[in-house]
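J.: Below is a structure I'd like to ask you about.
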Amino acid sequence: MPENTNLVVGAGVSGAVIARLIAEKLNEKVLVIDKKEHAGGNCYDYKDKNGITTQKYGSHIFHTNSEKVWKFLNRFTAFNTYMHRVYAVIDGIETTIPFNLNTLFDVFPRTMAEKFSDQLIDKFPYNTRIPILELQKHQDLKFLADYIYNKVFLNYTIKQWGLTPDSIDGSVTARVPVLISKDSRYFQDVYQGIPLNGFAKMIEKILEHPNINIKLKCEFNDYRSLPYKRFFYTGSIDEYFNYELGMLPYRSVKFKLEEHDRPYYQRNSVVNYPNNYDFTRIHEYKYYLNEISEKTVIAKEYSEEFQLGENERYYPIVNTENLELYENYKNLALNYDNLYFLGRLGDYKYYDIDKAIIRAFECFEEIKY
Ligand code: UDP
């Protein structure tokens, strides 16, 4: 009976968490629908014929400082103790990013590296994170800041966004700040890891509850006029309103998979190529769960514009104009008091997995009875 059931659109992280909270804490029925043929959204992964857990939509690494989120997920999966590192090839040298004090010594002669290291330590408190656009404001560090901007950010960002770092929202490049420390990890969060049976299984477990039903390969349009008790929409808000105010832009990515007849292709799970080739980075999936195989699978990642019907939405493009359009859609949503938007697409926010979960927790608290 739709009247007694909540409809959740999208079986990704956000949809699964809100469905679980409603099923468990309100003891109400939930129907979760998804147009894809699998649950898990863009976190979906699968074991390929060589037993390698392959992430269909590119690398996902769980990391959080939230004990609440960590405890929640640990009800559904165990994690390994993986701490993510990313290498980048700069002038032919493989070094770790975020750019940190170790990176200086990889890319510069010792005397130069020592000078820059002293300057950075004098200028900023130890263990702080300085966004590249902030570092560039310091005239006395101009050579170093320009070097990092040009070698790490400029060409990667042009490939990834079709724009230069100074013409996109500063929060995007601030995700990979310059670290005033010797910490070479990609994330500094307390809790980090990969679900031992993969992300898809973790999300399936979250959805495993007697009050939850899942229907895959189905379109929201077939459900939208049914009298569900509440609607939770994790797709893009412009799609919900049939694009009546115009389209929200997104970036998309394509992954070209290659199987290689050797145990390893590269030295790390992710290697970035800011200044070479047309792809941004290469993922080698077997590293995440330390899977042993004579073969290996890699994915070369190419960025492209999102085009409806052609590819998937991956990244909201945060700028004033797009946020204004998003807010106008949000205002339309105010006309319905049983309609909720959440998730990277529903909120048009560049959430990491933990932030999407925190948002689903908040959305649950906002539910009107
Ligand atoms: N970025 C860059 N060079 C790099 C890594 C990141 O310029 O080697 C910039 C780029 O603009 C990218 C942003 O920092 O979109 C955020 O990077 P992150 O690794 O967080 O992106 P994600 O893994 O979410 O695609």
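Read-outs: derived from the displayed coordinates by stated rules, not from any lab. As the structure is a prediction and not an experimental result, all values here were calculated from the model. Cβ placement follows ideal geometry from the backbone for every residue including glycine, while neighbour counts extend to all protein chains displayed.
J.: Amide H neighbours of Glu304 under 5 Å, counting only residues 5+ apart in sequence or on other chains, H built in-plane at 1.01 Å?
T.: Ser252, Val253, Lys254
J.: Mark the label point 7 Å from the Cα of Tyr277 along Cα→Cβ and return the residues of the range 85-99 whose backbone N is within less than 15 Å of it.
T.: Counting backbone N atoms under 15 Å from the label point, the list is 87-95.
J.: Looking at the range 1-42, I'd like the Rg to Rh ratio, where Rg is from alpha-carbon atoms and Rh is Kirkwood's inverse mean 1/r.
T.: Rg/Rh for the range 1-42 comes to 0.98.
J.: In the range 1-150, with Lys and Arg counted as +1 and Asp and Glu as -1 at Cβ, which of these residues, Thr77, Thr5, Asn65, has the Cα nearest the positive end of the dipole, that is, farthest along it?
T.: Projecting each Cα onto the dipole axis, the largest value belongs to Thr5.
J.: Rounded to whole Å and sorted largest first, what semi-axes of the equivalent ellipsoid does the C-alpha gyration tensor of the chain yield via the square root of 5 times each eigenvalue?
T.: 38, 24, 19
J.: Please report the base-10 log of the normalised intensity I(q)/I(0) for the range 158-203, using a Debye sum with one equal scatterer per alpha carbon and no solvent, at each q in 0.27 (1/Å).
T.: Log10 I(q)/I(0), no solvent term: -0.95.
J.: I've got another one for you. Using a/c under 1.5 as the rounded threshold, could you call the range 194-303 rounded, prolate or oblate? The axes a ≥ b ≥ c are square roots of the C-alpha gyration tensor eigenvalues, and prolate needs a/b larger than b/c, oblate otherwise.
T.: It comes out oblate by the Cα gyration axes.
J.: Note down the nm distance, to one decimal, between modelled labels 7 Å out along Cα→Cβ at Lys229 and at Ile158.
T.: My value for the distance between the label points is 5.5 nm.
J.: Next up: Hey, can you grab everything whose amide H is under 5 Å from the amide H of Lys47? Only 5+ residues off in sequence or another chain; H modelled, so Pro and N-termini drop out.
T.: Sorted by chain and number, the residues that satisfy this are Thr54.
J.: For the range 257-267, take each phi angle, set θ = phi - 60°, evaluate the Karplus expression 6.51 cos²θ - 1.76 cosθ + 1.60, and give the result in whole Hz per residue in order, putting x for glycine and proline.
T.: Values, residue by residue: 7, 9, 9, 10, 7, 8, x, 9, 9, 9, 8 Hz.
J.: Going by a ≥ b ≥ c, the root eigenvalues of the Cα gyration tensor, does the range 221-270 fall in the rounded group (a/c under 1.5), the prolate group (a/b larger than b/c) or the oblate group?
T.: Because a/c hits 1.5 or more and a/b exceeds b/c, the range 221-270 counts as prolate.
J.: While we're here: List, in order, the whole-Hz ³J(HN,Hα) value for each residue of the range 203-214 obtained from phi through the Karplus relation with A = 6.51, B = -1.76, C = 1.60 and θ = phi - 60°; use x for Gly and Pro.
T.: Couplings: 6, 4, 5, 4, 7, 7, 7, x, 7, 10, 10, 10 Hz.
J.: List the extent of the Cα atoms of the range 238-299 along each of their three principal axes, largest first, rounded to whole Å.
T.: Answer, in whole Å and largest first: 52, 27, 16 Å.
J.: Within 10 Å of each residue's Cβ, count the other Cβ atoms and sort Ser171, Ser236 from fewest upward.
T.: Going from sparsest to densest Cβ surroundings: Ser171, Ser236.
J.: In whole angstrom, how far apart do the alpha carbon centroids of the range 101-175 and the range 330-367 sit?
T.: Their Cα centres are 34 Å away from one another.
J.: For the chain, give me the percentage of DSSP beta bridges that are antiparallel, rounded to the nearest 5 percent.
T.: If we restrict to bridges inside the chain, about 65 percent are antiparallel.
J.: Stretch His260-Glu321 to full length: gain in nm at 0.36 nm per residue minus the Cα-Cα span?
T.: Residue separation times 0.36 nm, minus the Cα-Cα distance, leaves 17.6 nm.
J.: Distance check, please: which entries in Lys25/Lys349; Lys142/Lys349; Lys68/Lys330; Lys25/Lys56; Lys229/Lys330; Lys49/Lys300 exceed 22 angstrom between their Cα atoms?
T.: Result: Lys25/Lys349; Lys142/Lys349; Lys68/Lys330; Lys25/Lys56 exceed 22 Å.
J.: How much length, in nm to one decimal, is gained on full extension between Phe361 and Glu310, taken as 0.36 nm per residue of separation minus their Cα-Cα distance?
T.: Value of the extension gain: 15.1 nm.
J.: Next question, about the same structure. What number, in percent, do you get for the relative contact order of the chain if the mean sequence gap of Cα pairs under 8 Å and at least 6 apart is divided by its residue count?
T.: About 27 percent, as a whole number.
J.: Also, I was wondering about something else. How high is the relative contact order of the range 128-255, given as a whole-number percent (alpha carbon pairs under 8 Å, six or more residues apart)?
T.: 22 percent
J.: With a sphere of radius 9 Å drawn around the Cβ of Thr53, what net charge do the other residues whose Cβ falls strictly inside it have (Lys, Arg +1; Asp, Glu -1)?
T.: -1
J.: Explain nothing, just compute: Karplus ³J(HN,Hα) = 6.51 cos²θ - 1.76 cosθ + 1.60, θ = phi - 60°, for every residue of the range 224-230 in order, whole Hz, x for Gly and Pro.
T.: 4, 9, 7, x, 5, 5, 9
J.: Under the 0.36 nm per residue contour assumption, what length would be gained going from the current alpha-carbon distance of Asn74 and Asp91 to full extension?
T.: Full extension of this stretch gives 2.0 nm more.
J.: Shape verdict for the range 154-255, please, from the Cα gyration tensor: rounded (a/c under 1.5), prolate (a/b greater than b/c) or oblate.
T.: Oblate.
J.: While we're here: May I ask for the Kirkwood hydrodynamic radius of the range 288-369, worked out over all distinct Cα pairs and given in angstroms to one decimal?
T.: 16.0 Å
J.: In whole Å, what three semi-axes, largest first, describe the equivalent ellipsoid of the range 218-369 built from its Cα gyration tensor (square root of 5 times each eigenvalue)?
T.: 37, 18, 15
J.: Restrict the search to the range 82-189; then list the chymotrypsin sites (Phe, Trp or Tyr not before Pro) that DSSP places in a loop and that have at most 15 other Cβ atoms within 10 Å of their Cβ.
T.: Those that pass, being in a loop and sparsely packed, are Tyr126.
J.: While we're here: Please work out the Kirkwood hydrodynamic radius for the range 88-190, using every pair of different C-alpha atoms, and report it in angstroms with one decimal place.
T.: 13.9 Å
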